[in-house]
Each structure stands twice: as C-alpha cells, then as structure tokens.
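Worksheet: the structure to be examined is printed underneath.
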Amino acid sequence: MIVDTVLNNAKAHLKGEIVDCSIAIEEGKIHKIGKETQMPKSDLKVNLHNLLVLPGLIDSHVHLRDEGRAFKEDFISGTSAAAAGGFATVLDMPNNEPVTMSVEALKNRMNLAEKRTLVNVGLYSEFPTNLGQVSALVAQGAVGFKLFMGAQIGGLNHDDDQSLHEGLKSAGESGAVVAVHAEDKALLMANEQKLKQAKHNGPADFLFAHSEEVEKKAIQRLLKASDKTKTHIHFCHVTSKQGLEVIGEAKKAEKTVTCEVTPNHLMLSSAEVRHYGMMAIIAPPLRDRNHQEALWSGLSSKVVDSLGSDHAPHTPEEKSASNVWGVKVGVPGLETTLPLMLTMVKKNRLTLPRMVELLAEKPAQIFGLKGKGKLEGGKDADLTIIDYKRNWTIDALKFKSKAKFSPYNGWEVTGKPVKTFVNGGLVMDEGEIVAKPGCGRVLRGGQT
Ligand code: DOR
Ligand code: ZN
Ligand code: ZN
C-alpha cells in the first residue's frame with residue numbers, strides 16, 4: 001500500500017506521553033502511528049526534526065462573524081487565524097448578522113463556510129423563536145445551542161423561568177449541548193442603569209456592572225431551570241470563584257454540566273483593565289487576582305473542563321469609544337491562546353497532557369466530535385505541530401485575524417505552532433497559510 005503522507009521524526013503526544021514516532025496519513029485519516037521502519041510507502045515524506053505533534057487543537061468558542069459583520073472578520077480571515085494559532089477545528093458562535101437561529105440562516109452560513117473555511121468548523125445556533133424548530137436545526141447540523149443570558153439575542157424568552165426550562169428541555173431531547181453565557185440580565189441591566197445615571201462611564205464601571213454576583217445568579221438560575229431535563233449544559237467563560245463553586249457542586253450532584261475558561265481570565269486581571277483601558281473590556285470581564293487564582297485551581301481540580309479563546313474580533317474604532325457603554329466587548333484570541341498556554345506549561349502552571357486535554361480531548365468529547373481530540377489510528381489527521389522551545393514575541397500587526405490588536409501584544413512567549421494539518425492536508429506552515437479557502441470541512445453536529 002502507498003499512503004498519502006508519512007511524517008517522520010515526530011515527538012507525538014500519545015495517551016499522555018511524548019513518544020518518538022512516525023505518522024502515516026491516508027485519505028485524511030491517521031493510518032498508522034509507529035516506528036519509521038514500520039511505515040508503509042508514501043507519496044510524500046516530511047521530516048519533522050523532532051517537533052512536538054499534538055492532536056489538532058479545538059477552540060470551541062470563537063466568533064467568526066462574516067455575513068453582515070465581515071468588516072470585523074470573515075470565514076477566511078478567522079479560520080486563517082485559527083490555522084496560524086494551531087487550531088484545526090473551531091466552533092463558531094451565532095451572534096451574527098443575521099443571527100444564526102433558523103434552518104435557513106444556518107444553511108446559508110454553512111454554504112458560505114464550506115467555500116471559505118481553512119479549518120474544520122462547526123456552527124452553533126441560537127434558540128429559534130419556535131422551539132418546534134430545535135430538532136430541525138440539530139438535523140441541519142448545529143453543533144449546539146448558545147444561550148446568551150445577558151441580553152436578548154436568540155428567539156428564546158429567557159426572562160421567563162418556564163420558557164427557559166422548555167428551551168433547555170427541547171435542546172436536551174434533540175441531544176444538543178447548550179453553551180451558556182451566564183450573566184443575569186435583570187441584575188446587569190439594573191447595575192448598568194444606576195451607573196449610567198450617575199454618569200459613571202469608565203472601564204472600571206463596566207466591571208462593577210458585570211459583577212461576580214451577576215455571573216453566579218445566572219449560573220444558579222440556569223441550573224435550576226435545567227432541573228428535570230437531561231440537557232448537557234456547558235458554561236462558557238466562567239470567571240469567578242463563586243461561579244466555579246456552584247458548578248463544582250452541580251457536578252458533585254451528577255448534573256450533566258461542563259465548563260470552560262478563557263486564557264484572558266487566566267492571564268489577565270482587573271489590574272490590566274486599568275492599564276489597557278477600553279481594549280481590555282470583555283464580557284464577562286476581567287476580575288481581581290483571587291478569581292484569577294480560583295480559575296487556575298479549577299484547572300488543576302478539573303472543575304474546569306476545557307479552554308475556549310472567545311475570539312471576539314472588532315475594529316479599532318469600535319474598541320476605542322470614550323464611553324464604556326458604547327465600546328464593543330471582546331478581544332481576538334485564536335493566535336495567542338496556544339503560545340500563552342505553552343508558556344504557562346514552561347512555567348509549570350500547567351502540564352502538557354492537561355493542556356492537550358483542555359484544548360483537544362475534552363472539547364471533542366463535550367461536542368461529540370468523534371474523529372477528533374486524540375492521536376490514534378483511524379482518527380482524523382488533524383495535527384498541531386509545535387516548536388516547543390522557540391522564544392518569540394507576539395506581534396498583533398502580524399495576525400491573520402482582521403482584528404490586529406491584543407492585550408498580549410509585545411509579550412515574550414515560548415512555544416510556537418509551526419504547522420497545522422487539517423484532514424491530512426498542510427494548511428499552515430511557519431505562520432503562512434499554504435492551502436486554499438474551502439479546504440476545511442463544515443462539521444455537522446455529532447457526525448464528523
Ligand atoms: O467579550 C465578548 N465578546 N463577550 C460576548 O459575550 C460577546 C463577544 C462578541 O461577540 O464580541
Ligand atoms: Zn459570551
Ligand atoms: Zn463569546
């Protein structure tokens with residue numbers, strides 16, 4: 001047999017250990033992992049010179065925009081950023097223009113992604129207005145439903161406990177995960193109104209409005225509403241000690257709940273908001289060091305299941321409003337997440353196997369991405385290849401994302417993604433995109 005590609009001299013992350021090996025790839029799948037002498041003949045041989053090979057990383061929380069918001073990011077720029085950052089798969093959020101919340105909108109977005117994506121992409125849907133459409137959205141391939149509790153975005157009236165319960169129940173009955181942005185809208189609005197009336201319009205005021213209590217209240221309310229459903233709830237970007245405690249208790253009570261944190265909340269604190277001003281305004285916001293430490297503890301104790309970048313591209317103008325209530329929230333993250341985490345591995349805050357669990361194995365499990373998350377014969381040949389020792393400086397102007405700003409601009413990091421393989425094809429090589437838009441696949445929920 002002659003396979004498509006053999007990668008030699010790899011240091012691959014296999015079942016939690018680094019193993020010297022070769023990897024044979026055939027028709028987009030990992031055909032075999034073993035000694036070089038055991039490899040079949042191949043059309044192409046690549047010498048990896050002892051680079052580290054991880055399963056293709058998965059970012060389960062990105063905003064790729066496109067359509068009406070293509071001025072901020074589109075599938076090509078966003079998935080180029082993913083490949084450059086070492087991600088082979090991304091899951092895209094539905095707060096788009098139009099909002100992804102109908103079969104038609106999902107289909108249109110899938111068609112667009114099919115032509116433009118450079119990595120594998122799964123699409124979330126918001127809840128439709130008519131819950132009768134939930135199963136049709138799942139059949140169309142939504143990877144999950146996003147519930148944004150801080151404002152009214154999708155079609156579900158989440159102010160009402162009963163309709164919130166009905167929404168969660170119907171997603172669970174269709175076997176879909178519900179990814180939740182947990183901020184209590186009523187409390188948030190009340191806080192905001194008081195601050196606005198007092199003309200408190202600075203970055204610190206945003207942090208007051210989006211308090212820990214706002215997060216905790218939403219998590220508690222959501223868990224209550226999901227009672228008597230079997231729905232898998234995945235809490236996005238948890239930021240507070242209290243929030244994690246409530247999730248930890250729910251896990252002990254054997255609820256089907258998982259949660260994610262972002263590198264932003266691990267690497268930065270409210271002190272940085274004073275330094276960066278509007279640029280560091282993200283929602284939920286950066287908090288003080290006690291919360292930051294609680295998130296790191298959550299990584300070790302495994303209350304935290306996964307990492308998601310919450311890649312949220314905006315234009316420089318949108319980020320530089322003088323009034324915090326007018327600023328667009330979020331920062332890009334696809335090109336900084338992996339180097340930041342590798343740097344923390346080097347600093348012994350995280351082990352490499354745990355990082356792989358957080359950025360590949362767990363997201364694959366949570367979202368049912370069957371061929372993904374592990375390096376094993378038969379899995380998809382999605383590979384993230386890393387120069388583990390390379391010291392370099394983050395330069396936001398070099399981002400593939402349209403959003404060329406970052407709180408990490410100028411940071412010295414160790415460890416760089418140097419090649420990204422997607423379904424057996426090389427998409428990124430030494431920071432350059434070497435494949436054509438459309439080479440990635442649109443993942444249709446549950447199927448890969
Ligand atoms: O920081 C954020 N950015 N938080 C959100 O909830 C939305 C996101 C975005 O779409 O920009
Ligand atoms: Zn969010
Ligand atoms: Zn988000």
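The values are calculated or read from the model by the stated rules, or taken from the named source; none is laboratory data. Here the structure is a predicted model, which means the values were calculated and not measured. Glycine gets a Cβ as well: all are built from the backbone with ideal geometry, and neighbour counts include every protein chain shown.
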| Residue that is nearest to N130 (Cα to Cα) [pool: residues in region 65-92 that are within 13 Å of ligand 1 (Cβ to nearest atom) and touching a residue at least 60 places away in the same chain (Cβ under 8 Å)] | R65
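Can you name the helices (runs of 4 or more DSSP H) wholly within region 260-309 that have at least 2 residues being within 20 Å of H61 (Cα to Cα)?
Details: elements: 263-267, 270-276, 289-301.
Result: 263-267, 289-301.
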| Flag for E173 being farther than 25 Å from V103 by Cβ and touching a residue at least 24 places away in the same chain (Cβ under 8 Å) | no
| said: Restricting to region 9-24, name every residue that is of a type in the set (A, V, I, L, M) and closer than 13 Å to L383 by Cβ. | reply: A10, A12, L14, I23, A24
| request: Note down all Cβ pairs under 7 Å where the first residue falls in region 226-251 and is on the phi < 0 side of the Ramachandran plot and in contact (Cβ under 8 Å) with a residue 12 or more places away in the chain, the second is of a type in the set (D, E) and in a helix (DSSP H, G or I), and they're at least six residues apart or on different chains. | output: T239/E215; S240/E212; S240/E215; Q242/E212; G243/E215
| query | Got a number for residues in region 414-444 being modelled with pLDDT under 95 and either on the phi > 0 side of the Ramachandran plot or aliphatic (A, V, I, L, M) (or both)? | reply | 0
| task | Exactly one condition in (1) farther than 14 Å from A88 by Cβ; (2) away from ligand 1 (no atom under 16 Å from the Cβ) is not met by L54; state its number. | result | (1)
| task | Quick one: in region 93-111, of everything that is within 16 Å of P437 (Cβ to Cβ) and of a type outside the set (D, E, K, R), which residue is nearest to ligand 1 (Cβ to nearest atom)? | result | M110
| note | By my count, strands (runs of 3 or more DSSP E) wholly in region 60-179 with at least 1 residues that are touching a Ser or Thr at 6+ places or on another chain (Cβ under 9 Å), more than 16 Å from ligand 3 (Cβ to nearest atom) and not basic (K, R) are 87-92, 120-126
| note | Expected single match for in contact with a Lys or Arg (Cβ under 7 Å, 6 or more places away or on another chain) and farther than 22 Å from H314 by Cα among T231, T258 is T231
| remark: When restricted to G141, G132, the only residue more than 16 Å from the chain's Cα centre (by Cα), without any contact (Cβ under 8 Å) to a residue 40 or more places away in the chain and more than 30 Å from V413 (Cα to Cα) is G132
